[in-house]
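The values are calculated or read from the model by the stated rules, or taken from the named source; none is laboratory data. Remember, predicted model here, so these are calculated numbers, not experimental data. Cβ coordinates were reconstructed from backbone atoms using ideal geometry, including for glycine residues, and neighbour counts include every protein chain displayed. Just so you know, the surface numbers come from the protein's heavy atoms only, side chains and all, with ligands and any DNA or RNA stripped out. Shrake-Rupley method; radii C 1.70, N 1.55, O 1.52, S 1.80 Å.
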Amino acid sequence: MGERKGQNLYYPPDYDPKAGGLNKWQGTHALRERARKIHLGILIIRFEMPYNIWCDGCKNHIGMGVRYNAEKKKVGMYYSTPVYQFRMKCHLCDNHFEIKTDPQNLDYEIVSGARRQENRWDPTQNEQIVPETKEVQRKLFDDAMYKLEHGAKDTKAAEDAKPVLGRLFQRNDSVWRDDFEANSRLRAQFRTRKKELKLQEEKDNALLVRSSLAVALLPESDNDRRMAQLMRLHSSKTVHEKDKERRNAILNRPVLPSTSSSKSTIVAKLEPKSLGIVKRSATSSGEVSTKQSVEEKRPKVATIVVPETNVEEPNASKTEGETRPQLLLCNYGSGSSDSD
């Protein structure tokens, strides 16, 4: 393939082989546009994203494996290993982010313009095979006792993993012994699940149309149903608040129906002592009979209703259905004797 490309190059009639190669004779670089900043120490390369990141400009997710045209330049050295930095533009916005190599940790480090999506974990927690570090390799090479202890630990770990590996092989063999049957069972499960999702989507769309809403509905759960039932049966007021409102309504209700809301009517009873009436004690039967005759000649009492505003009778209750005392007045112009 390389020979054919070399043979298909066009050499003009005025080409002089003494000038060097064809690119040198024409004054161009072999990489053409990729080397347009080569005088600045920058080379345009095709860079593949080593892990998932979040762009700081548009806040979008950029997955691992997405490729960009990046500007590559050398920014330092780690012992004898060069450290390179790559600058590229986000394909979703105008933001630029920079990533450089980290030879010490065998990783890439984000310099600016983005942040890494953390998916890292300790491989020893998942019982993964971890390569030995340089310190451990040096100790294995120099220390025979450490090498023996390290080998004993590896042997013990292998013995502990044998039952787990056996169960995994047995399960895999029982499930995938018949490929056609396993595939048919999986496809049937997928079809059932697809029908359920389609039916639920139709119900959600009907509910959104009926409610005139344009929101995304989440699937129902037992907790949501329980909370909905509690909210439906829950009252806005407590029992004590209802009793307090009922008591205030009874206390503020007028005793008698009236057209004026600012006036209230009360009925009071006057005692005979407050009117200046003094009863004499009876010493004999004649005086008793005389007193009885005088009592019969006494005028009848009349009942009147006195309106009064903002006056409350002491120890008077405003409960409904309670009878109030009446005001009694005597008519003295009916010919009563002076002895009375």
The range 26-39 residues that are under 18 Å from Lys74 (Cα atoms), paired with ones that are open to solvent by 70 Å² or more (accessible area, probe 1.4 Å) and part of a loop (DSSP other than H, G, I, E, B) (beta carbon under 8 Å, 6 or more apart): Ala35/His29; Ile38/His29
Mind checking whether some residue in the range 79-95 is among the small types (Gly, Ala, Ser) and under 19 Å from Leu40 (Cβ atoms)? no
Can you spot a residue in the range 83-91 that is closer than 19 Å to Val111 by Cβ, polar (S, T, N, Q), surrounded by 10 or more Cβ atoms within 10 Å (Cβ to Cβ) and without any contact (Cβ under 8 Å) to a residue 40 or more places away in the chain? yes
Return the total of residues in the range 51-81 being in a loop (DSSP other than H, G, I, E, B), surrounded by 12 or more Cβ atoms within 10 Å (Cβ to Cβ) and not aliphatic (A, V, I, L, M). 6
Please count how many residues of the range 82-101 are charged (D, E, K, R) and outside any strand (DSSP E or B). 1
The range 214-250, subset surrounded by 10 or more Cβ atoms within 10 Å (Cβ to Cβ) and among the hydrophobic types (A, V, I, L, M, F, W, C), residue modelled with the lowest pLDDT: Ala228
Restricting attention to the range 156-213, the residues that are in a helix (DSSP H, G or I), farther than 30 Å from Glu127 by Cα, open to solvent by 80 Å² or more (accessible area, probe 1.4 Å) and hydrophobic (A, V, I, L, M, F, W, C) number exactly 5
Of everything in the range 99-114, what is open to solvent by 50 Å² or more (accessible area, probe 1.4 Å) and farther than 20 Å from Lys59 by Cα? Give them in sequence order. Lys100, Gln104, Asn105, Leu106, Tyr108
